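The next block holds one structure in the form of structure tokens; read it before the comments.
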Amino acid sequence: MLRFFGKHALFMVITLIAVSFIVFMMNEFSPGDVARKELGAYATQEQVDLLTERLGLNRPVVVRYFEYIGKLLQGDLGYSQRFKVPVSDIIFNRLGNTAFLAAISFALIVPLSMLLGIVAGMREGSLVDRSITIFATMAASVPEFAMGVFLASIFVVWLKVLPGTATLLPDAAGWSIGAQLVLPVAVIVLYDMGYVVSMIRASMVEVMQRPYIRTAVLKGMSFRRVILRHALRNAMINPVTVIMLQINYLIAGVVVVETVFAYPGFGRMMLEAALFKDIALIEAGALVAVFVCVATQILGDLGYMALDPRIRA
Amino acid sequence: MTDRTVSPLLEFRNARISFMLRVGEANVIPGLSFSINPGEAMGLVGESGCGKSTVALAIMRYLGRAGRVTSGQIMFEGRDIASMSEDELRRIRGKRLAMVYQDPMSSLNPVKTIGSQLMEVPIIHDDADEAKARAMALRMLDEVKLPDAASVMNRYPHQLSGGQQQRVVIAMALITQPSLLVMDEPTTGLDVTVEAAVLDLVRELRQRHNSAILFISHNLGTVVRVCDRIGVMYAGEMVEQGTIREVFANPGHPYTRGLLDCLPTLGRDKHGSPLSTIPGQVGSPLSRPPGCSFAKRCAFAEEGRCTTVPIAIETLGGGHLAQCVRTRELPPYQRREGLSGVGNDDESVPAMLEITALRKTYRQTHGLFGDTGKTVKALNDVDMFAKPGKTLAIVGESGCGKSTLAKVLSGLVTSTDGAVRLEREEIGTVGVDKRPQSLKRKLQMVFQNPDSTLNPSHSVGYVIGRALRRLKGMSRREAENETARLLDVVKLNGDFAHRKPHQLSGGQKQRIAIARALAGDPEVMIADEPVSALDVSVQAAIINLLNELQTERKTTFLFISHDLAVVRYMADHVAVMYLGKVVEFGRAAEVFEPPFHPYTEALLSAAPVPDPTRQGERIILDGALPSATDLPPGCPFSSRCPRKVGAICDTTPPPEQQLGHGHRIACHIPAVELVALQRGGAPAKVAAKA
């Protein structure tokens, strides 16, 4: 076990170093110099030169990269030009908001997808299977923004039972934070579940055709017992990775939903940082996203090991 | 013999079974009648596609959504299985009626411990509590002779060997003392030594538990070992049934005769006579002929009598039945055997392929960064040779290094040490990507499973044509003509060129694989278990084809197989391998005559013999092959050897005894003594070790 974590920690450090280097270099070599990106299009050449001088941007790039890494290690993520605060002040706040949204969504996606996927896959081609498959396909194929607008027009504009934005601030209309979260969570869950249900269903269909299911049935077990004791765990082995990848999506990929509902989340922050060329924030955000990505992979591997005795070391 | 006073345990009463497919009704079993009495063991044999497995699954009522019994009855303990409710069915499945499957690995749930899979049977059926179920499971694991049952309980299926897995499945089936045990090819895919041990276990348990057995197999030898009666199925009909002794001595149906005759029984070889075959293949269940289904392939068929009306079942006495109008007109059956001839072996002819002191070691690695520092010695000082135009056969259990040897020869891996010379040219160190076209042309391979070696999206013509263009540099036009010629050589019609692999039967695919290997006119052809996956009738045809090709083209064959009868038939020289070493090497006729290396002796005694009159005591090897990471310092076979003489076997590598004509045995026991032990019939210590 120690070996497992040692190996993965090493892998994570290597990945983070590689990503920090690539992002740093991309900002360095993309059109326009760093000072220009920081100051914006309307700054004068003098101001740009001055900032270049002050930030030491005319020194060799490798030197500045190591300087950057040194600061990172001390916990200094830099200063956000867009929000005019230190990066660490804003990034963790936004990450917290997104994690909150992600946690609620994830807590709904996993059990619902398992339920629907297993029920659909246990009798391939049955009416229940077809209904669930159609539902899942539709949910996964309607784009998030369309679903957001669609749900908002029903519940916000027509029924007027929910707020159209989720700013997490006590707003004028007096909607509670709980009510604000309903629509963003609904959109994320529906959209993402469609995908995860299909994966679990496919895995379940395959498992139901395995000879050990026949063995279980011919032992004289009830169908229910066959599903719960023999099929379920096997059917979850393959989707574990996919389910863990959803955490990635939920943290770094829900930018559309955050934008539609004006949610102050991580994805929207990254979008703004990219549009505004807020380099320090982009770099820090990229590192956070990679960290989440590698961490979920480790979780996925652990899940694999828990479910499947064949790959336990 | 069917005893009229006992009511049968299982009875098929003119049961008709069909699968409803999109193309229509596929009537797999047109009307089957047979019965099994309590405690009786009945074997069911026939080629693939004859409906054997359908019978097994119909008994369990597990035919899937498409399959159903459309008329007739399948009576089990006096009740019709087809009309039982789901609840009733569940109460007898696993309790009165249990099944053992072909592939034990996939029949066991990979994520549950052996213990929990065994214990759930009494928990479901006998309302046993945890403790009682555990005790029952432990006792059953002891009964199937798994050492250290308590630790097996906590293990997962992948931590057991194939033979151990099958013992677990058998334990699982017998734990509730069922009255009928259905075994569907229970030993197919296991090594001969393991197969022999499992069959003996089945025989023993059968007597103890008094369960009746329906034993399905394509191997007539295994049926003889276990059963009292045999049923021969063809195209869903039971064309013959009777006691084993009666049916084997006096087969009343031409199909049974065909099945018996196409077996290369031990003692026959290619210098004697070609194997007889059954031409054609089993017809489609979508369209049945009005008369005898076998008439098209039958040498005795008469137009009219055999082909126009349904054939009645004739009684030959003593419960011996045959569905053949001409059964009484058939000539008396003469078993074909002992037809061996003499091959010309000129010792002065230089070897085509010579392997000297060959070693292949792998470093054992674990994941991305892991290197356990251990080495696996897959091949350890291997010496052998193949003469031009002759066949060298390599036999041994899985894990003995025969496949590694094939990989080194074909360049998929390179040797660690020693020499592999093809016509005096070193090839062992040359990987396949570095081999010149001329060398690739000289050495071709045919694999066990033609399904996985033919690309399903390429037509036969493309596959062979491509080999011709690449190996012989032919133009497209030339390749087309040559393809037609090659198809003719492997006895397939020219329009097979346009077919895709899914349109071919198993035997046809293997013919295509052979044609492709022949494309470059190879000097050496390596065939890795080329007939193991085929039906006996197809196997015979492919073996004959290979031998004909060898006679015509003087191709040298390296024939890897676990089937000793096939090896005896095909080989000029035989190398018996164990744990990366050659324990015995020599001319086939001599290797199969005493003195044997104790391992060769064990292999020969384990081979199932399809003859009820020749069933001797057998040497059962217990335990599994030791791990190739830490080889014993002495004889590799010492841990399982029934003739082990003492500590010397564990500590000192055995000397190689030369017995003339290049025949050699690596054993501490002098050859003269081995002869005395084996000829004198002194039984080897059977499973003597703890």
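With the highest mean first, a sort of the peptides A:181-189, B:309-317, A:40-48, B:275-283 on other beta-carbon atoms found within 10 angstrom per residue produces A:181-189, B:275-283, B:309-317, A:40-48. Between B:THR613 and B:GLN177, the FRET efficiency from the beta-carbon distance, with R0 = 30 Å, is close to 0.35. Taking the Kirkwood radius as Rh and the Cα radius of gyration as Rg, region B:490-564 has a ratio of Rg/Rh equal to 0.95. Listed from fewest to most Cβ neighbours within 10 Å, the set B:SER107, B:SER452, B:SER561 follows the order B:SER452, B:SER561, B:SER107.
Cross-link partners of A:LYS277 among lysines, defined as those whose alpha carbon lies under 23 angstrom from its own and excluding same-chain residues fewer than eight positions apart: A:LYS37, A:LYS71, A:LYS84.
Going from the residue with the fewest nearby Cβ atoms within 10 Å to the one with the most, B:TYR234, A:TYR304, B:TYR101 rank A:TYR304, B:TYR101, B:TYR234. Binning the alpha carbon pair distances of region B:109-226 at 10 angstrom intervals from zero yields the distribution 14, 46, 34, 7, 0, expressed in whole percent. Less than 5 angstrom separates the built amide H of B:LYS374 from those of B:GLN364, all sequence-distant by 5 or more or on a different chain. Using only the alpha-carbon atoms of region A:18-144 as identical scatterers, what base-10 log of I(q)/I(0) does the Debye formula give at q = 0.17, 0.23 Å⁻¹? Log10 of I(q)/I(0), two decimals: -0.97, -1.40. According to the calculation over all Cα-Cα pairs in region A:1-86, the P(r) per 10 Å bin from zero is 14, 39, 29, 11, 5, 1 %. Using C-alpha pairs under 8 Å with a sequence gap of at least 6, the mean separation divided by the residue count of chain A gives a relative contact order of 25 percent. If R0 is 60 Å, the Cβ-Cβ spacing of B:ARG363 and B:SER48 corresponds to a FRET efficiency of close to 0.90. Do any trypsin sites (Lys or Arg not before Pro) in region A:67-161 lie in a DSSP loop with no more than 14 other beta carbon atoms within 10 Å, and if so, which? Passing sites in region A:67-161 are A:LYS84, A:LYS160. Amide H contacts of B:ALA128 (H built 1.01 Å from N, in plane; Pro and chain starts excluded): B:ILE123 sit under 5 Å, all sequence-distant by 5 or more or on other chains. Each of A:GLN81, A:GLN45, A:TYR65 was placed along the dipole of region A:28-113 (beta-carbon charges, centred on the mean Cα), and the one lying farthest toward the positive end is A:GLN81.
Sequence-distant contacts, meaning Cα pairs under 8 Å at least 6 residues apart, place the relative contact order of region A:145-293 at 24 percent.
Past 30 Å, Cα to Cα: identify those pairs from B:LYS390/B:LYS491; B:LYS402/B:LYS434; B:LYS112/B:LYS581, in the order given. Exceeds cut-off: B:LYS112/B:LYS581. Of the DSSP H helices in chain A, those with a Cα length along their own long axis of 24 Å or more and a mean Kyte-Doolittle hydropathy reaching 0.5 comprise A:2-29, A:87-122, A:177-208, A:279-307. Spin-label pair A:VAL13-B:ARG65: with each label point 7 Å from Cα along the Cα-Cβ axis, the two points sit 5.5 nm from one another. The sum of -39500 (n - 2.57) across all DSSP H runs of n ≥ 4, divided by the residue count of chain A, sets its helix-only mean residue ellipticity at 222 nm to -23500 deg cm²/dmol. The H on the amide N of B:ALA41, modeled in the peptide plane, is under 5 Å from the matching H of B:ILE213, B:ASP228, B:ARG229, each at least 5 residues off or on a different chain. When the Cα atoms of region B:543-582 are aligned to their principal axes, the ranges along those axes come out at 35, 18, 12 Å in descending order.
Computed from backbone phi, the HN-Hα couplings of region B:75-88 come to 8, 10, 6, x, 10, 7, 4, 5, 9, 6, 7, 4, 5, 4 Hz, rounded to whole numbers (Karplus: 6.51 cos²θ - 1.76 cosθ + 1.60, θ = phi - 60°; Gly and Pro given as x). Rounded, prolate or oblate: which fits region A:68-204 when a ≥ b ≥ c are the square roots of the eigenvalues of the alpha-carbon gyration tensor, with rounded for a/c under 1.5 and prolate only if a/b beats b/c? Cα axes put region A:68-204 in the oblate bin.
When chain A is treated as a Gaussian network with alpha carbon springs shorter than 10 Å, the biggest mean-square fluctuation among A:ALA18, A:ALA273, A:ALA284 belongs to A:ALA18. In region B:166-221, Cα pairs under 8 Å separated by at least six residues give a relative contact order of 49 percent. Ordering B:THR187, B:GLN166, B:ALA131 by Cα displacement along the dipole of region B:122-205 toward the positive end leaves B:ALA131 in first place; charges were set at the Cβ atoms of Lys, Arg (+1) and Asp, Glu (-1). For region B:196-284, what does the alpha-carbon gyration tensor say about shape, rounded, prolate or oblate, given a ≥ b ≥ c as the root eigenvalues, a/c under 1.5 as rounded, and a/b over b/c as prolate? Because a/c hits 1.5 or more and a/b fails to exceed b/c, region B:196-284 counts as oblate.
On a per residue basis, the convex hull of the C-alpha atoms belonging to region A:181-286 measures out at 112 Å³. Ellipsoid fit via the Cα gyration tensor, chain B: semi-axes of 41, 34, 25 Å, each the root of five times an eigenvalue, largest first. Please report how far the C-alpha centroid of region A:233-292 lies from that of region B:393-440, rounded to the nearest whole angstrom. Region A:233-292 and region B:393-440 have Cα centres separated by 52 Å. Taking other C-beta atoms within 10 Å as the exposure proxy, B:CYS292, B:CYS298 rank B:CYS298, B:CYS292 from fewest upward. Hydrodynamic analysis of region B:468-519 uses the Kirkwood radius over alpha carbon pairs. Inserted into Stokes-Einstein at 37 °C and 0.692 mPa s, it gives a translational diffusion coefficient of 293 µm²/s. The alpha carbons of region B:58-139 occupy a box of 44, 27, 18 Å along the principal axes, longest dimension given first. Calculate the FRET efficiency for B:ASP521 and B:GLU593 from the Cβ-Cβ distance with a Förster distance of 22 Å, rounded to the nearest 0.05. According to the calculation, E is roughly 0.05.
Using the Cα coordinates of chain A, the gyration tensor eigenvalues translate into equivalent-ellipsoid semi-axes of 44, 27, 14 Å, sorted from longest to shortest. For the pair region A:201-218 / region B:133-179, the C-alpha centres are spaced 22 Å from each other. Computed on the Cα trace of region B:250-301, the radius of gyration divided by the Kirkwood hydrodynamic radius gives Rg/Rh = 1.06.
Taking springs between alpha-carbon atoms closer than 10 angstrom, which of A:MET147, A:MET122, A:MET221 fluctuates most in the Gaussian network model of chain A? It is A:MET221. Shape summary of region B:551-690, radius of gyration then Dmax from alpha carbon positions: 15.5, 53 Å.
Taken over the protein assembly as shown, the convex hull of the Cα atoms encloses 240 Å³ per residue.
Helical content of chain B, expressed as a calculated mean residue ellipticity at 222 nm, amounts to -9000 deg cm²/dmol (DSSP H runs of 4 or more residues, -39,500 (n - 2.57) each, divided by residue number, nearest 500).
All of the numbers you see were taken from the coordinates with simple rules; none came from a lab. Predicted, not measured: the structure shown is a model, and the values here were computed from it. Reconstructed Cβ throughout: ideal geometry from the backbone, glycine too, with neighbour counts over all protein chains shown.
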